[in-house]
Every structure is written in C-alpha cells, then in structure tokens.
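One structure is given here, and the rest of the page talks about it.
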Amino acid sequence: MANTREIVTKAVVGKGKKNFTTNKTVTPEFKPSTILGCWVINHNFKGVKNGNKIDIEGSYDVNIWYSCEGDTKTEVVRDTNKYKEEVNVPHTKDEDITNEDVIIRSLKQPTCTRCDIVEGKIEYTVEKELGIEIVGDVKVKIAYDDEEDPWDSLNDSKDEEEIKEVEKEIDDKVNEEYLK
C-alpha cells in the first residue's frame, strides 16, 4: 500500500541569465597614440532579493595598456567600475517557498570587447554574462511503501568452495621453472 510523506528540501525556484554591456570613457595622464591591450580583473559581485527583483552589485578593474609620446613610451591607465543591476527572475508558482537565497554566477567573465582612442581619451566596452538562481525551501510529497523487501539467503559454504577453486586454478598456472 503506497503512502505519502512531505519532505522539506532546498530547490531552485527561479533561474535565468543575462548579458550586460557597459561603455565607459577614461582620460589617461598622457595623450595615447596606440592601444596595446586591455584586461579586466578583480571581478566581485553579490546579489540580494528586493521584492520581486534581484539587485546585483559588483565591481571590476580595467587596465588599459597604451603607447604615448609618438609610440616611444608605454603607460597603463586603471579604471575601477562599480555597477548595480536590477533583474527580474521568473519564479515557479509554488506557495510553499520559504527562506529564499540568491546565487549569482559569472557565466562569462567581464571582457573588454572594444577599446578606441577618441580625441585624446580612451573609450572602451566591457561585456559580461551573469547567471542568477533563487534557491528556497520547498515541500515535496513522495510516495513510499510500508512493505519491506524480502531478504536474500546467504550461503557462506558455497563462497568458500568458489575461493578454493580459484586458488587451485592460480596454483596450476604458476610455472615453478620460470626463474631457472
């Protein structure tokens, strides 16, 4: 006879991902001639639930390596970007959800996709992709059976006989003249 039980467990109750693009301008100390490279490092972020939305706050550093003074010297300009994004993550339609937590994952680390010199300033574009999961306590019902599975009988003497047969086969295969 099948019965049911309720179990409280953690489950993903909302999930989504979103791409973000940021355009910024930075004024370097020296007038740039050529962009030599751009790196995005130190990406940190966290998310909190705010009503039906998720607020994501984070920051990352952009380091732009450029040449100056007629391509005879190089410099690095550093720019720290702080961001706050608000996203709406669809939820499952379950009334029994409690104790919700927000998990944010970087699916694509921030990357500089464009970096140009415009009128002595450096304009750049950074793209990133974040995955958002909402995890909550939910109740699930499971069916279970009161009847116990039958026990198998164990016969140790049969096992001992099989072991002796295997040992005899191994002994028969040993070549005692091998080392001579």
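FYI, it's all coordinate maths here, none of it is from the lab. All values reported here derive from a predicted model rather than from experimental measurement. FYI the Cβ positions are ideal-geometry reconstructions off the backbone, even for glycines, and counts take in every protein chain you see.
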Determine the relative contact order of the range 39-164: mean sequence separation of Cα pairs under 8 Å and six or more apart, normalised by residue count, in whole percent.
20
Which links in LYS108/LYS141; LYS10/LYS128; LYS15/LYS141; LYS18/LYS141 stretch past 30 Å when you go from one Cα to the other?
LYS108/LYS141; LYS18/LYS141
What FRET efficiency comes out for the pair GLU75/ASP55, r = Cβ-Cβ distance, R0 = 45 Å, nearest 0.05?
0.80
From the phi angles alone, apply the Karplus equation (6.51, -1.76, 1.60; θ = phi - 60°) to the range 7-23 and give each ³J(HN,Hα) in whole Hz, x where the residue is Gly or Pro.
10, 9, 8, 7, 8, 6, 10, x, 8, x, 9, 8, 8, 10, 10, 10, 10
Net charge within 14 Å of TYR83 by Cβ-Cβ distance, Lys/Arg positive one each and Asp/Glu negative one each, not counting TYR83 itself?
-2
Most mobile of GLU147, GLU129, GLU169 per a Gaussian network model of the chain (Cα springs, under 10 Å)?
GLU169
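Pairs to check: LYS53/LYS121; LYS53/LYS93; LYS24/LYS46; LYS31/LYS84. Give those whose C-alpha atoms are more than 27 Å from each other in this structure.
On the way: LYS53/LYS121 36 Å; LYS53/LYS93 16 Å; LYS24/LYS46 22 Å; LYS31/LYS84 31 Å.
Cα-Cα > 27 Å for LYS53/LYS121; LYS31/LYS84; rest within.
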To the nearest 20 Debye, how big is the dipole of the chain about its Cα centre, given +1 on the beta carbon of each Lys and Arg and -1 on that of each Asp and Glu?
2300
What chymotrypsin sites (Phe, Trp or Tyr not before Pro) does the range 1-59 have in DSSP loop regions with at most 15 other beta carbons within 10 Å?
PHE30
Which residue, ILE142, ILE41, ILE170, has the most motion in a Gaussian network model of the chain that connects Cα atoms within less than 10 Å?
ILE170
Using only helices, what value at 222 nm comes out for the chain when you add -39,500 (n - 2.57) per DSSP H run of length 4 or more and divide by the total residues, to the nearest 500 deg cm²/dmol?
-3500 deg cm²/dmol
Per residue, the convex hull enclosing the Cα atoms of the range 1-91 spans a volume in Å³ of 142
Only Cα pairs within less than 10 Å get springs; with that Gaussian network setup on the chain, which residue of PRO28, PRO110, PRO150 has the largest fluctuation?
PRO150
